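J.: Next up is a structure, given as structure tokens.
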Amino acid sequence: MDHCDLCQNFDIRELLLQSAAQRPGATGNTSRTYDDTDDYRQPIPHFYTHQRSIVALKRSAEQGCKLCDLFWHTWVKTLNKTDFTEEWLDRTFQGQIYIGCSSWTTSIQGYPYVTITQQSSTGASRTLCSFEAFADRGPNIRLSLSYCVHSITSDR
């Protein structure tokens, strides 16, 4: 299997287009240099409902889904524990997984980061990892996620 059903239905182009279509400057945020940022776009953390849990993500990766494998292996590298079990993962990292994007400023970043987040039943959210999106130029545009990953250590 190249991609599971969930990954086949994820549309990275639509995520980036929706992020870019947001009304700029709506929050009144400023950049790190305190310039007005009329091009600031808010995050969209829950754009696409993905795997129901970390264990489901792990299993999909093991069954051959390349995108789940990328998400799983990027995130699992942030764990300090190497002798984990699925039971421990299920107890420790409960919650629905989503694909979304970070906040961004068009003049500085160009594109938002694609983020993989997990939301617990209490509503708490953690970022599992994030990626840069790249597009090949030319008549046949192909978007892909960068192998160079910006991982964020999850709260444990």
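J.: Checking ILE54 against (1) β-branched (Val, Ile, Thr); (2) in contact with a helix residue (DSSP H, G or I) (Cβ under 6 Å, 6 or more places away or on another chain); (3) modelled with pLDDT under 85, which test does it fail?
T.: Just one mismatch for ILE54, condition (3).
J.: Another question, if that's okay. Restricting to the range 111-125, what's the tally of residues that are open to solvent by less than 60 Å² (accessible area, probe 1.4 Å) and in contact with a Leu (Cβ under 9 Å, 6 or more places away or on another chain)?
T.: Here the count works out to 6.
J.: Against the conditions (1) surrounded by 13 or more Cβ atoms within 10 Å (Cβ to Cβ); (2) polar (S, T, N, Q); (3) at pLDDT 95 or above, where does GLN94 fall short? Just the number, please.
T.: (3)
J.: Then there's this: Condition first: under 17 Å from the mean Cα position of the chain (by Cα), over 21 Å from PHE134 (Cβ atoms) and free of Cβ contacts under 8 Å to residues at least 12 places away in the same chain. Now tell me which residues in the range 77-115 satisfy that.
T.: The answer is none; no residue qualifies.
J.: Does the range 57-76 hold any residues that are crowded, with 18+ Cβ neighbours inside 10 Å and in contact (Cβ under 8 Å) with a residue 40 or more places away in the chain, and which are they?
T.: Result: LEU57, SER60, CYS65, LEU67, CYS68, LEU70, PHE71, THR74, TRP75.
J.: When LEU79 is evaluated against the numbered criteria (1) modelled with pLDDT of 90 or more; (2) open to solvent by less than 50 Å² (accessible area, probe 1.4 Å); (3) not in a loop (DSSP other than H, G, I, E, B), which criterion, by number, is the only one it fails?
T.: Checking LEU79 against (1) modelled with pLDDT of 90 or more; (2) open to solvent by less than 50 Å² (accessible area, probe 1.4 Å); (3) not in a loop (DSSP other than H, G, I, E, B), the one that fails is (3).
J.: Hey, can you tell me all the residues within the range 63-80 that are within 11 Å of HIS3 (Cβ to Cβ) and not polar (S, T, N, Q)?
T.: Just the residues of the range 63-80 that are within 11 Å of HIS3 (Cβ to Cβ), to begin with: 63-70.
The answer is GLY64, CYS65, LYS66, LEU67, CYS68, ASP69, LEU70.
J.: Out of (1) more than 16 Å from LEU15 (Cβ to Cβ); (2) at pLDDT below 95; (3) of a type in the set (A, V, I, L, M), what's the single condition that is false for VAL114?
T.: (1)
The values are calculated or read from the model by the stated rules, or taken from the named source; none is laboratory data. These numbers come from a predicted model, not from an experiment. Glycine gets a Cβ as well: all are built from the backbone with ideal geometry, and neighbour counts include every protein chain shown. Only protein heavy atoms, including side chains, enter the accessible area calculation; ligands, DNA and RNA are left aside. Shrake-Rupley method; radii C 1.70, N 1.55, O 1.52, S 1.80 Å.
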